[in-house]
Amino acid sequence: MKLHEYQGKELLAKYGVEIPGNAGIAETPEQARDAVARLGGKGVLKAQAHTGGRGKAGGIKVAGSPEEAETLARQMIGMILKTHQVPQGLRVEKLLIEEPITIEKEFYIGVVPDRATQRNVLIVSAMGGMDIEAVAEEHPEAIAKLPVDPLIGVRDYQLRQVCYEANLPDHLILQAAAFLRKLYTAYMEADASLAEINPLAVTKDGRLLAADAKFSIDDNALFRHPEFAAFKEESEEDPIEAEAHRRGLAYVRLGGYIGVIGNGAGLVMATIDEVARAGGKAANFLDIGGGAKADVVHNALELVLSDPNVKGVMFNIFGGITRGDEVAKGIIEGTRTLDIRVPMVVRLAGTNAAEGAALLEKTSLIPAETMAEAAEKIVALTK
Amino acid sequence: MSILIDRNTKVVVQGITGREGSFHTGQMLEYGTQIVAGVTPGKGDTRDAYGIAIFNTVKEAVAATGANASIIFVPAKFNTADSILEANEAGLDVIVAITEGVPTRDMIEAVRIVKMGKARLIGPNCPGLISPGLCKMGIMPGNIFTPGPVGMVSRSGTLTYEIVDELTRAGLGQTTCVGIGGDPIIGTTFIDVLPLFEADPETKAVVFVGEIGGSDEEIAAEYIKTKMTKPVVGFISGRTAPPGKRMGHAGAIISGKTGTPQAKVDALLAAGVAVADTTHDIPELVKKALGL
């Protein structure tokens, strides 16, 4: 789960991280005006959207007066913010209203789990304020990393060392090391899967401030963090993805026109590839998971058909725990209760596939023996 | 021969009284796996529906039965990582964690501890492993597997079944198939399994199934290039997946320039791996590699 900047900053503040002063969130132009007035007449309006590169895309504006804040907020709230990271754009519903700060220098600090070392890694760079992946590409030497042994934790000398290695200025090393410790503690205690402060701002008077905050929380750990339940916002997600979330289905919208339903993430991915090979384009990824019963299949089908671009549906089920006859029952149940006007190709293999195929015989569903055959059939039917 | 598990593997099932645990205990018994004990705290001194003795702790189960492997179905909300560590401390050789949804923070710690000892942890969030005809420690449908010369290692579950089914139909049996799991932090990665197949005299060729996300496939390609003499046939799923979208598995996401399918395919090709475009092409490529 991704947190918004204001949520991330709220979290950081609990760990004693210094953040720019703010007057909270504005959801209307009037609120923005009042917030800037509370800050003394000047403020920065920051669009709360899950993407980097907001500044360049017009998602961060400086208001010199409460009136100007109102005018700017009128343009920003409801805008579709298109950035290089999210080219299709995200709808802006909230603005964070912050006190303006004068930034002398910008650094980068972050924490992520690293698959290769199987540890969390602290990342520090003196080249902040820009896309860290671009920095890693063009100036790999400007990035210092500290993999943390989970049994030992982080030692102060290691924090100093990684800051020196990143070439942070000598007089800021101790301050930066203390900052890193707070970030790491927040990351660990929140069960985060990403924590980034970019930029970590050095102000004119030599203080370090978290000018931005990007956090993701490990979805697998949300069950032990009820405090984040309030942070969950579905408005920004694609409406069908949001509905899938509510139904507990693993669905990703892909923009094509062939609905794909299968069991197991790897198999569904391979099915989407197969559809592409056959000359089609998948509308979605949908994994019904292991042991899916008829009602889950029915639910999945309804969801996939709610995408108006879908011109046909392909089922690819390899039964292990999932039983072919259960899936067939779900599809038949779906054809009875849903208004289906598109062709559907069904490929069942594995556990109880023959029983499932027998059930499908008397229906208008088109059977296929293999994944490749099913993909070719559905592509031909949706041409 | 096989790798990791065989006819002599004695298995304890952790979480044997849960829905998944009890169902798959029955399935594994039916396959011929030696299940010698179950563990569910609070249910010690009882027996499950198949007459398997249940213990309160893994330590007791091992002392009473001589078990040398464990399969874990304990749900994430009951602290799966803790169950892994309990199995580890009991001195088992192989620990298979089927459970999905284990927090990454817990796995980083658990994997670090398990790696200090002798146990081989497979998973979590994996289908387990099977040495056809000898032992099944997992949730895969046993009937599609058959003994033979192909070793297989995969990040995916059902996709493995799909490929195994094609291999078996083509007359290509398997020594051992290992599903390493789709999470970012797992106990056993490709490069832990490949040397075992390289050393196993009965494995004549290896099928390697990767997917988008991370760089484990690239690391494996380096190993194959420098250390492996046996032929490898590869497949990467998610070739048409868009960047930034997590495709089901927590680990299956292309972020920035890492995890792209093209980088993986290129690395495998450069390592001399025969990369299949579709699952359907895999049996032919394996036959060619074996000179059949």
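The values are calculated or read from the model by the stated rules, or taken from the named source; none is laboratory data. Because the structure is a prediction, the values reported are computed rather than measured. No Cβ is skipped: glycine too gets one built from the backbone with ideal geometry, and neighbour counts run over all protein chains shown.
Only one of the numbered conditions (1) in contact (Cβ under 8 Å) with a residue 60 or more places away in the chain; (2) crowded, with 17+ Cβ neighbours inside 10 Å; (3) hydroxyl-bearing (Ser, Thr, Tyr) is violated by A:Thr51, and that is (1).
Of these, A:Glu189, A:Glu165, A:Glu137, which one is at pLDDT 95 or above, surrounded by fewer than 17 Cβ atoms within 10 Å (Cβ to Cβ), in the same structural domain as A:His225 (by TED's automatic domain parsing) and under 24 Å from the mean Cα position of the chain (by Cα)?
Details: A:Glu165 fails: under 24 Å from the mean Cα position of the chain (by Cα); A:Glu137 fails: at pLDDT 95 or above.
Step by step, each of A:Glu189, A:Glu165, A:Glu137 is checked, and only A:Glu189 is at pLDDT 95 or above, surrounded by fewer than 17 Cβ atoms within 10 Å (Cβ to Cβ), in the same structural domain as A:His225 (by TED's automatic domain parsing) and under 24 Å from the mean Cα position of the chain (by Cα).
Residues that are in a loop (DSSP other than H, G, I, E, B) and crowded, with 22+ Cβ neighbours inside 10 Å were ranked within region B:213-225; the one that is nearest to the other protein chains (Cβ to nearest Cβ) is B:Gly214.
From B:Pro201, B:Pro149, B:Pro132, B:Pro195, grab the single residue that is surrounded by fewer than 24 Cβ atoms within 10 Å (Cβ to Cβ), of a type outside the set (A, V, I, L, M), in contact with an Asp or Glu (Cβ under 7 Å, 6 or more places away or on another chain) and at pLDDT 95 or above.
One residue alone meets the criteria, B:Pro149.
Within region B:89-136, the set of residues being farther than 17 Å from B:Ile71 by Cα, among the charged types (D, E, K, R) and out of contact with any helix residue (DSSP H, G or I) (no Cβ under 8 Å at 6 or more places or on another chain) comprises B:Arg112, B:Lys115. Residues of region A:90-120 that are in contact with a strand residue (DSSP E or B) (Cβ under 6 Å, 6 or more places away or on another chain) and within 14 Å of chain B (Cβ to nearest Cβ): A:Leu90, A:Gly110, A:Val111, A:Val112, A:Pro113, A:Asp114, A:Thr117, A:Arg119, A:Asn120.
Yes or no, residue by residue, for (1) touching a strand residue (DSSP E or B) at 6+ places or on another chain (Cβ under 7 Å); (2) modelled with pLDDT under 95; (3) at negative phi:
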{"site": "A:Glu30", "(1), (2), (3)": "no, no, yes"}
{"site": "A:Asp34", "(1), (2), (3)": "no, no, yes"}
{"site": "A:Gly41", "(1), (2), (3)": "no, yes, no"}
{"site": "A:Lys46", "(1), (2), (3)": "yes, no, yes"}
{"site": "A:Ala49", "(1), (2), (3)": "yes, yes, yes"}
{"site": "A:Gly53", "(1), (2), (3)": "no, yes, no"}
{"site": "A:Lys56", "(1), (2), (3)": "no, yes, yes"}
{"site": "A:Glu68", "(1), (2), (3)": "no, no, yes"}
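Exactly one residue among A:Glu274, A:Glu243 is more than 14 Å from chain B (Cβ to nearest Cβ) and either surrounded by fewer than 24 Cβ atoms within 10 Å (Cβ to Cβ) or closer than 25 Å to A:Arg323 by Cα (or both), and that residue is A:Glu243. Would you call B:Gly234 surrounded by 24 or more Cβ atoms within 10 Å (Cβ to Cβ) and in a strand (DSSP E or B)? It is true that B:Gly234 is surrounded by 24 or more Cβ atoms within 10 Å (Cβ to Cβ) and in a strand (DSSP E or B).
Does A:Val86 meet the test of being under 18 Å from A:Lys2 (Cβ atoms) and assigned by TED's automatic domain parsing to the domain that holds A:Leu174? Against the criterion (under 18 Å from A:Lys2 (Cβ atoms) and assigned by TED's automatic domain parsing to the domain that holds A:Leu174), A:Val86 does not qualify.
Answer yes or no as to whether B:Gly187 is in contact with a strand residue (DSSP E or B) (Cβ under 8 Å, 6 or more places away or on another chain) and without any contact (Cβ under 8 Å) to a residue 60 or more places away in the chain. Walk me through how you get there before you give the answer.
On the way: in contact with a strand residue (DSSP E or B) (Cβ under 8 Å, 6 or more places away or on another chain): yes; without any contact (Cβ under 8 Å) to a residue 60 or more places away in the chain: no.
No.
Listed conditions (1) under 25 Å from A:Gly21 (Cα atoms); (2) in contact (Cβ under 8 Å) with a residue 24 or more places away in the chain; (3) hydrophobic (A, V, I, L, M, F, W, C) are all met by A:Met127, apart from (2).
No other residue among B:Val74, B:Val102 is out of contact with any strand residue (DSSP E or B) (no Cβ under 9 Å at 6 or more places or on another chain), modelled with pLDDT of 95 or more and within 24 Å of A:Gly320 (Cβ to Cβ) apart from B:Val102. A:Lys311 falls short on exactly one of the conditions (1) more than 14 Å from every other protein chain (Cβ to nearest Cβ); (2) within 26 Å of the chain's Cα centre (by Cα); (3) over 30 Å from B:Asp165 (Cα atoms); (4) touching a residue at least 40 places away in the same chain (Cβ under 8 Å), and that condition is (2). Considering each residue of region A:246-266 in turn, at least one proves to be among the charged types (D, E, K, R) and not in a strand (DSSP E or B). Of the strands (runs of 3 or more DSSP E) entirely within region B:10-120, none holds at least 3 residues that are touching a His at 6+ places or on another chain (Cβ under 6 Å), surrounded by fewer than 23 Cβ atoms within 10 Å (Cβ to Cβ) and touching a residue at least 60 places away in the same chain (Cβ under 8 Å). Scanning region B:226-249 for residues that are over 23 Å from B:Ala205 (Cα atoms) and facing chain A (nearest Cβ under 7 Å) turns up B:Gly238, B:Arg239, B:Thr240, B:Ala241, B:Pro242, B:Lys245, B:Met247, B:Gly248, B:His249. Screening A:Glu10, A:Glu27 for residues that are surrounded by fewer than 18 Cβ atoms within 10 Å (Cβ to Cβ) and farther than 28 Å from A:Tyr184 by Cα leaves exactly one candidate, A:Glu27.
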